[in-house]
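Novice: Please read through the structure below; I'll follow up with questions.
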Amino acid sequence: MRIAIIGAGVAGLTSAMLLRGSGHQVTVYERATELAEVGAGIQLGPNGVRVLRAAGLDAALRETCVATTSLEGRQWDTGELVYEMRYGDESQARYGAPYYVCHRAVLQNLLREQVGDDRIVLSREVVDITQDDSGVYITFADRSTATADLVIGADGIRSKVREIVSGYERPAYSGMSAFRGNIPAERVGAGDLGAAMVKWWGPVPTHHMVMYRLSDDSVNFVAVVPDEEWTSDSWVTPADPDDVRTRFAGFVEPVQSLLDGVDTVYRWALHDRDVERGWSNGRTVLVGDSCHAMLPFLAQGAVQAIESAAVLARCLSAVPDEVGLTEALKAYEETRFDRVAQVHATCRQHGLFSSATDPDFVDQLYHYDADTAPIDFGVTR
Ligand SMILES: Cc1cc2nc3c(=O)[nH]c(=O)nc-3n(C[C@H](O)[C@H](O)[C@H](O)COP(=O)(O)OP(=O)(O)OC[C@H]3O[C@@H](n4cnc5c(N)ncnc54)[C@H](O)[C@@H]3O)c2cc1C
């Protein structure tokens, strides 16, 4: 099939890698003029790593990522250890893959190399899509056009493709925003941090900070604060480092010395959207944040996008020999819906705070195998 993928984020590039691997003719259209990720880290739980390893990225991930040893939950004012989740060798033994963290640009580059730059077209912003029985017709902002047998909308939480497929609904503001930044490791005594992630729980659960080492030289932090309103038009704004220092004054070390070392900070308004049915319409289908944007408290948004991309690729590999395109797209949604709805709901209930101590939840989260999850092509929904 000729498949046009809209958006070169984790969802789009993973879909492109997997679909290309199964023989489809894939083109990724991205509105940005260059592929550059935000200067932030990303956690890749074992349920996502397993998919990437099976796609041939095992050695590359091992070389470029940090294998996290544990997640420690600590009190902001005393440093007391509230819980500890063991990853490291335990993750490999229990879930069949490590828990990795890396810079977002590292993951983007690995995926992009697999897809091939010749399959990625930059500076193409989709503004319209029409379709009939024989194809899908895409119009870009520069008036150029493209034709495909299938369009995959991997264009994020404010998806234009979603708007065209099922109508526009505003994403919901969570009442929280997140400061994000990276700092040279020597400024926080990264030796002490080792390869652990630490989550410092503030006076209220909506006020917390996660930090982890991205490499020998760099530590990443995400610092969440309650904010009743978000008044800026933009969802990402440059922030004043003094602002994050003030909001986290009183947190124990190494939080203070980390924030003292911060030069550049950005701030994200945290949004999500209800997970709703209707991921496909004719020859158009959604994947990733465009259909299941979630709050970041389980560090699973991109990982769920990887899982969805894997199931979508499996469903499409059955077309046309076993089933038609419509059935394949319905089976994809059916296979994924309950899974992402559960993860999404847990993020809204504030994720790991309540669930970290629930081994059943954690096992269910990380055991899920997108490469073997049963697919029922008989669904008629
Ligand atoms: C603070 C924070 C921390 C997070 N941490 C983690 C984590 O540790 N682990 C994790 O798994 N997830 C994490 N997430 C969630 C994760 O970032 C998202 O779920 C993931 O990036 C979604 O990927 P995507 O490819 O669906 O969308 P996006 O990354 O938004 O990519 C969409 C792409 O489509 C392009 N595009 C948009 N519109 C158009 C158009 N009209 N035409 C052409 N191109 C278009 C965009 O330019 C972009 O490149 C975090 C999120 C936040 C806010």
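Novice: Can you tell me the order of 24-37, 323-336 when each peptide is scored by its average per-residue count of other Cβ atoms within 10 angstrom, highest first?
Specialist: Going from most to least packed, we get 323-336, 24-37.
Novice: What whole-number value in Å² describes the accessible area per residue of the chain for a 1.4 Å probe?
Specialist: 41 Å²
Novice: How far is it, in nm, from the label point at THR147 to the one at MET1 when both lie 7 Å from their Cα along the line to the Cβ?
Specialist: Output for this residue pair reads 1.8 nm.
Novice: To the nearest 20 debye, what is the magnitude of the charge dipole of the chain about its Cα centre, counting +1 on the Cβ of each Lys and Arg and -1 on the Cβ of each Asp and Glu?
Specialist: For the chain, the charge dipole is close to 460 debye.
Novice: What does the charge dipole of the stretch 166-277 about its Cα centre add up to, to the nearest 20 debye, if the Cβ of each Lys and Arg holds +1 and the Cβ of each Asp and Glu holds -1?
Specialist: 260 debye
Novice: Give me the percent of accessible area attributable to carbon and sulfur for the chain, probe 1.4 angstrom.
Specialist: Taking all protein chains in place, the chain shows 46 percent carbon and sulfur surface.
Novice: Can you check what the Kirkwood hydrodynamic radius comes to for the stretch 36-152, Cα pairs only, in Å to one decimal?
Specialist: Working: mean 1/r = 0.0568 Å⁻¹.
Its Kirkwood hydrodynamic radius stands at 17.6 Å.
Novice: For the chain, modelled as a Gaussian network with Cα springs under 10 Å, which listed residue fluctuates most, ILE152, ILE129, ILE306?
Specialist: The residue with the greatest mean-square fluctuation here is ILE129.
Novice: Also, quick follow-up: Provide the FRET efficiency to the nearest 0.05 for the ARG94-THR33 pair, computing r from the beta carbons and using R0 = 41 Å. Let's see the in-between values first.
Specialist: Details: r = 43 Å, r/R0 = 1.05.
So, using R0 = 41 Å, E works out to roughly 0.45.
Novice: Round to the nearest 10 and give me the degree value, 0 to 90, for the angle of helix 104-115's Cα axis relative to the longest principal axis of the chain.
Specialist: 20 degrees
Novice: I've got another one for you. Compute the angle between helix 10-21 and the longest alpha-carbon principal axis of the chain, please, reported from 0 to 90 degrees and rounded to the nearest 10.
Specialist: So the helix axis and the longest Cα principal axis differ by about 50 degrees.
Novice: Another question, then. How long is the chain along each principal axis, judged by its Cα atoms, biggest number first, in Å?
Specialist: 63, 45, 35
Novice: Using a 1.4 angstrom probe on the protein heavy atoms only, line up SER218, SER177 by accessible area, largest first.
Specialist: SER218, SER177
Novice: Here is a follow-up. Taking the mean number of other Cβ atoms within 10 Å as a proxy for protection, how do you rank 267-274, 278-285 from highest to lowest?
Specialist: Going by the mean number of other Cβ atoms within 10 Å, highest first, we get 278-285, 267-274.
Novice: Order the following by accessible area, largest value first: TYR137, TYR100. Probe radius 1.4 Å; ligands, DNA and RNA are ignored.
Specialist: My answer, sorted largest first, is TYR137, TYR100.
Novice: What accessible area, in Å² to the nearest ten, does a 1.4 Å probe give for ILE120?
Specialist: Approximately 20 Å² for this residue.
Novice: Roughly what % antiparallel, to the nearest 5, for the DSSP beta bridges in the chain?
Specialist: Percent antiparallel among DSSP bridges in the chain is about 70.
Novice: Length gain on complete extension for the stretch GLU84 to ARG170, per 0.36 nm per residue less the alpha carbon to alpha carbon distance?
Specialist: Values: separation 86, 0.36 × 86 = 30.96 nm, distance 3.68 nm.
Roughly 27.3 nm would be gained on extension.
Novice: Still on this structure: Label THR237 and SER257 with points 7 Å out from Cα along Cα→Cβ: what is the distance between them in nm?
Specialist: About 3.3 nm separates the two model spin labels.
Novice: Distance in nm between label sites at ASN109 and THR64, each 7 Å beyond Cα in the beta-carbon direction?
Specialist: Label at ASN109, label at THR64, 0.6 nm between them.
Novice: When you count, for each residue, the other Cβ atoms within 10 Å and take the mean per peptide, how do 75-82, 219-226 rank with the highest first?
Specialist: Final packing ranking: 219-226, 75-82.
Novice: Normalised radius of gyration for the stretch 1-41, please: alpha carbon Rg relative to 2.2 N^0.38 Å, two decimal places.
Specialist: Rg over 2.2 N^0.38 Å, computed on Cα atoms: 1.25.
Novice: Here is a further query. Given the rule -39500 (n - 2.57) for each run of at least 4 DSSP H residues, summed and divided by the residues of the chain, what is its mean residue ellipticity at 222 nm, to the nearest 500 deg cm²/dmol?
Specialist: One gets -9500 deg cm²/dmol as the mean residue ellipticity at 222 nm.
Novice: When 1/r is averaged over all different Cα pairs and the result inverted, which Kirkwood radius in Å belongs to the stretch 93-132?
Specialist: After inverting the mean inverse Cα-Cα distance, the result is 13.8 Å.
Novice: What number, in percent, do you get for the relative contact order of the stretch 117-172 if the mean sequence gap of Cα pairs under 8 Å and at least 6 apart is divided by its residue count?
Specialist: 24 percent
Novice: Another one. In degrees, nearest 10, range 0 to 90: what is the angle between the Cα axis of helix 301-316 and the longest Cα principal axis of the chain?
Specialist: 20 degrees
The values are calculated or read from the model by the stated rules, or taken from the named source; none is laboratory data. Remember, it's a predicted structure, so these values are computed and weren't measured experimentally. Note: ideal-geometry Cβ built from the backbone for every residue, glycine included; neighbour counts use all protein chains shown. The area values use the complete protein model at the heavy-atom level, side chains included, leaving out ligands, DNA and RNA. Shrake-Rupley method; radii C 1.70, N 1.55, O 1.52, S 1.80 Å.
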